[in-house]
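Novice: Structure provided below as structure tokens; questions to follow.
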Amino acid sequence: MKLSLVKNQQISSLVSDLGKSLSPSGIREFFDIVYSTPDCISLGVGEPDFVTPWRISDAGILSIKDGYTHYTPNKGIIELRQLVSDYVMKRTGVEYSAEEEILITLGVSQGLDVALRSIVNPGDEVIFFEPCYVSYPATIQLAQGVPIAIPMYFKDNFSIDLEALEKAITGKTKAILLNYPGNPTGASIDKNTLKAIATLAVRHNLIVLSDEIYESLTYDADHFSIISLPGMKERTIYLNGFSKSHAMTGWRLGYTAAPRELLDIMVKIHQYTALCAPSIAQYAATEAIASAEKDVSKMKSHYLKRRNFIVNRFRDIGLPCHMPEGAFYVFPDISSTGLHARDFALELLKSEKVAVVPGDAFGSHCGNHIRCSFATSIDNLKEAMKRIERFVASRG
Ligand code: PLP
């Protein structure tokens, strides 16, 4: 006992300051409690409830049978890079060379890490918009950058405040990180706002990191990417992947597209830290991008029905809720209950066994919101909303 205490003290003096400085994810912390609550309906997880379409898994299995179990080129297999290049061209009208401008990554997570480490010098500032995906501030810190958060508000439909963005740009700003449709609100960014951001990026010579992981889960209008604007391919790192669109979170596969000078640096960092993305997942993704369009549409039509259901239910209950343009999250305002999001989430879990994520996990000013994922069956959503309604009524 004594010995292990000494050892622990010795170890804690050996771990890095950077590692210690990271805050634990607000989601993980909360889910430690959720996992110990049996029979709970979870609206907490940020991943599709569907399993990977079988044709995709089958391609992965076939690649194992055929012995494609080795390292691949650092950038990824050329067949997949070519298909990614074709896909991005079809969706955005922008041409990227499969040989020189596409990198296959271990999900958008690693793509973002490599992208940031390729552009950030210690102390450089990276601007992003909160509420946001929980990894953003930490990934910027890990690249020795300084995270600069600009708040977005429900009253503005979680749109970007361009004046606040312009004010936040300093001599140290290196990049602007965008996510649209976004986690946790599902809000997208309209074309005019993207144009204004592009103008600022050009004027201040900034890189744009464009996380478009939910682009194919856009419901009412067509998704429009910032790379489609004149002059933006040259200064944007485009990030996308298979986790959400193809229900492939566990395969860990994504991609980035960037101009050659940037991609060359990214490839070096990727090569020394990951070597290559998993070969089997790359073969599966080749099938996904080549022939699973119908599977994606089918899943999307389920998400759309669920989105309409859950938004209407929240509004009926009296909790104002933004209609998400994409992704599979809603971020209702719970102010009327008089509870802080953490208390709301804990009480709801205890009394009704429904798990939601407190909004302040995504931005410190969002303690009056909760994030609910509708990547779960409509039956689960119906039951969860019945329980949430009962819980909210019990507060009034
Ligand atoms: N970007 C956003 C906005 C996300 O919401 C997520 C996952 O929730 C990721 C990136 C990570 O995706 P991947 O599984 O491709 O690493």
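Nothing in this text is a laboratory measurement; each read-out follows from the coordinates by a stated rule. What you see is a predicted model; the values in this text were computed from it and never measured. Glycine gets a Cβ as well: all are built from the backbone with ideal geometry, and neighbour counts include every protein chain shown.
Novice: Could you work out how far apart the two model spin labels at residue 203 and residue 261 are, taking each label as a point 7 Å from the Cα in the direction of the beta carbon, and quote it in nm?
Specialist: Simple spin-label model gives 2.3 nm for this pair.
Novice: Any chance you could give the angle, 0 to 90 degrees and rounded to 10, that helix 26-35 forms with the longest Cα principal axis of the chain?
Specialist: 60
Novice: Can I ask one more? Going by average Cβ density within 10 Å per residue, which order do the peptides 312-322, 33-43 take, highest to lowest?
Specialist: 312-322, 33-43
Novice: Hey, another quick one. Longer than 21 Å from Cα to Cα, which of 65/300; 350/382; 195/298; 75/268 are they? Say none if no pair is.
Specialist: 65/300; 195/298
Novice: Can I ask one more? So which aspartates and glutamates can residue 20 reach, going by Cα to Cα under 12 Å and dropping same-chain residues fewer than 8 places off?
Specialist: Cross-link targets: none qualify.
Novice: Excluding residues on the same chain fewer than 8 positions from residue 386, give the aspartates and glutamates whose Cα lies under 16 Å from its Cα.
Specialist: 39, 316, 347, 352
Novice: With contacts defined as alpha carbon pairs under 8 Å and 6 or more residues apart, what's the relative contact order of segment 68-291 in percent?
Specialist: Answer for segment 68-291 is 29 percent.
Novice: May I pose another question? So for segment 68-291, what percent of the C-alpha to C-alpha distances run longer than 20 Å?
Specialist: The answer is 56 percent, as a whole percent.
Novice: Once you order the gyration tensor axes a ≥ b ≥ c over the Cα atoms, which shape class does segment 297-339 get: rounded for a/c under 1.5, otherwise prolate or oblate by comparing a/b with b/c?
Specialist: prolate
Novice: Testing the spin-label approximation: label points 7 Å from Cα along Cα→Cβ at residue 9 and residue 192. State their distance in nm.
Specialist: 6.4
Novice: Suppose R0 equals 41 Å; then what is the FRET efficiency for residue 71 and residue 395 from their Cβ-Cβ distance, rounded to the nearest 0.05?
Specialist: 0.15
Novice: Could I ask something else about it? Shape call for the chain from the C-alpha gyration tensor, a ≥ b ≥ c root eigenvalues: rounded (a/c under 1.5), prolate (a/b greater than b/c) or oblate?
Specialist: It is rounded, given that a/c, with a ≥ b ≥ c, falls under 1.5.
Novice: Here's another thing I want to ask about it. Report, in degrees rounded to the nearest 10, the 0 to 90 angle that the Cα long axis of helix 78-92 makes with the longest principal axis of the chain.
Specialist: With both axes taken from Cα atoms, the answer is about 60 degrees.
Novice: Using Cα-Cα distances under 8 Å and only pairs 6 or more residues apart, what relative contact order does the chain have, in percent?
Specialist: 24
Novice: Let me ask another. Specify the residue with the greatest mean-square fluctuation among 88, 357, 126, computed from a Gaussian network of the chain linking alpha-carbon atoms under 10 Å apart.
Specialist: Of 88, 357, 126, the most mobile in the Gaussian network model is 88.
Novice: Using only Cα atoms and rounding to the nearest 10 degrees, what angle (0 to 90) does helix 279-291 make with the longest principal axis of the chain?
Specialist: So the helix axis and the longest Cα principal axis differ by about 80 degrees.
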